[in-house]
Amino acid sequence: MTGDGATARPPWSLLGLDTAFRSCWAADTCSPDDLPDWRPDNPAVGHCDITALVVNDLFGGDLLVADVRRHGSPHGYHWWNRLPNGIELDLTREQFRAGETLSPPRPVTRPPGPLPRRHQEYQLLRTRLIPHLGPLPPAGGR
């Protein structure tokens, strides 16, 4: 217990976070744009945006985004995190297996309130993570 009566949770390890997210990604949380490429053997596909947002909920820091190019043609965007200590954390980087390249990242401001896109998938991912990570901080960033 902490001094305020709340139950302390054990610290998360990087392996524990990776395992938790990996077990919660599924076709129903994949971005509709990436669903044709999603497969159980590459579950990170289509999950970078909502994963980066949940990591931002957990640790704060910056959201980073880069343009993705596949064989030289535009192929969407990739999101990941820069933690408050400056370390970049990208739990979905492994999804790139088909010759994709990323532009240099740029920080983006998290929109306030409910997400304008993929809010339902973000909430579903958060709900699925609770049995693995315990109670999560409030949605919407620190």
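Worth pointing out:
- Scanning the range 97-129 for residues that are over 20 Å from Gly86 (Cα atoms), assigned to a loop (DSSP other than H, G, I, E, B) and out of contact with any Asp or Glu (no Cβ under 7 Å at 6 or more places or on another chain) turns up Arg97, Ala98, Gly99, Pro111, Pro112, Gly113, Pro114, Leu115, Pro116, Arg117.
- Options His71, His132: the member that is surrounded by fewer than 16 Cβ atoms within 10 Å (Cβ to Cβ), under 14 Å from Leu17 (Cα atoms) and out of contact with any Phe, Trp or Tyr (no Cβ under 7 Å at 6 or more places or on another chain): His132
- Taking each residue of the range 119-131 that is of a type in the set (Ser, Thr, Tyr) and looking for partners that are at pLDDT below 95 with beta-carbon atoms closer than 8 Å, six or more apart or interchain, yields Tyr122/Leu115; Tyr122/Ala139.
- For the range 1-31, a tally of residues being outside any helix (DSSP H, G or I) and either under 15 Å from the mean Cα position of the chain (by Cα) or modelled with pLDDT of 95 or more (or both) returns 4.
- Where Pro107 falls short, out of the listed (1) under 24 Å from Asp28 (Cα atoms); (2) surrounded by fewer than 13 Cβ atoms within 10 Å (Cβ to Cβ): (1)
The values are calculated or read from the model by the stated rules, or taken from the named source; none is laboratory data. Computed from a predicted model, the values in this text were never measured in an experiment. Because the Cβ atoms are built from the backbone with ideal geometry, glycine has one as well, and the counts that use them run over all protein chains shown.
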